[in-house]
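The values are calculated or read from the model by the stated rules, or taken from the named source; none is laboratory data. Note that the structure is predicted; figures quoted are calculated from it, not measured. So basically every Cβ, Gly included, is an ideal-geometry build from the backbone, and we count neighbours across all protein chains shown. For accessibility, only protein heavy atoms count, side chains too; no ligands or nucleic acids. Shrake-Rupley method; radii C 1.70, N 1.55, O 1.52, S 1.80 Å.
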Amino acid sequence: VTVSNGSDLRSGSGTVNVTGNGTIVLDSSVANSRLWGGGWIFGGGQTVRGAGQIGINQTTISNSGLVSADVSGAVLSLDVSGGNGGVGAGNGFGTNGNAGLYNTGILQATGGGILNFEGGLYENSATGVIRAQAGSVVNLNGDSRIVGGTLTSVGTGVIQAFNSSQYL
């Protein structure tokens, strides 16, 4: 599925469970493309890639697959529901159902892409990985909290924090 040039892929309410093997491409080559609303569960065979926005502060996500900011010089922004304290017990995913995003897979920047974490609670399981591949950047922006898992960079990949309210 390709979400292109200013289009939205949106869950009006409830949770969308994306299973099997497949790819959702956010193509923001002309205008910003967005995936948002309600809850999204991405299974282990799923890839969400490209540039655009995931969440716009109105979404909870559980990821067992791959989320990849892979467009050189372009941003894929994660902006989940709730602040760094989470969305409230039972309203999200992860421990106590509190995280705006729960990751058991991989969240990465690669191919010169930029992955932004906006304000929110992002929880990784023991197998959850956030990584910046060579020549790519992961930005932890204001009021973002990363709990658990592994943060790693490869070669010239960079993980950097902005402002003064990031938590690891």
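What to note about this one:
- Surface exposure of region 98-168, expressed per residue as accessible area with a 1.4 Å probe, stands at 39 Å².
- Heavy atoms of the protein chains alone define the surface here; on that basis region 24-64 has 31 Å² accessible area per residue at 1.4 Å probe size.
- Sulfur and carbon atoms: percent of accessible area, region 126-168 [1.4 Å]: 52 percent
- Beta bridge orientation in region 86-140: antiparallel %, DSSP, nearest 5: 10 percent
- Whether the chain is rounded, prolate or oblate, judged on the alpha carbon gyration tensor where a/c under 1.5 counts as rounded: rounded
- For region 43-57, Karplus couplings with θ = phi - 60° (6.51, -1.76, 1.60), whole Hz, Gly/Pro x: x, x, x, 9, 10, 10, 9, x, 9, x, 10, 10, x, 6, 6
- Counting only DSSP beta bridges with both residues in region 40-121, the antiparallel share comes to about 10 percent.
- Couplings for region 149-155, taken from phi via the Karplus curve 6.51 cos²θ - 1.76 cosθ + 1.60 with θ = phi - 60°, read x, 10, 10, 8, 10, 10, x Hz in order; Gly and Pro are left as x.
- Residue by residue, region 132-137 carries 3J(HN,Hα) couplings of 10, 6, 3, x, 10, 9 Hz when phi is fed to the Karplus relation 6.51 cos²θ - 1.76 cosθ + 1.60 (θ = phi - 60°); x denotes Gly or Pro.
- Within the shell defined by Cβ-Cβ distances under 13 Å, the residues around Tyr122 carry a net charge of -3, with Lys and Arg each +1 and Asp and Glu each -1.
- Distant-in-sequence amide contacts of Asn84, defined by a placed amide H-H separation under 5 Å and a gap of 5 or more residues or a different chain, comprise Gly120.
- In percent, rounded to a whole number, the relative contact order of the chain is 15, using alpha-carbon pairs under 8 Å and six or more apart.
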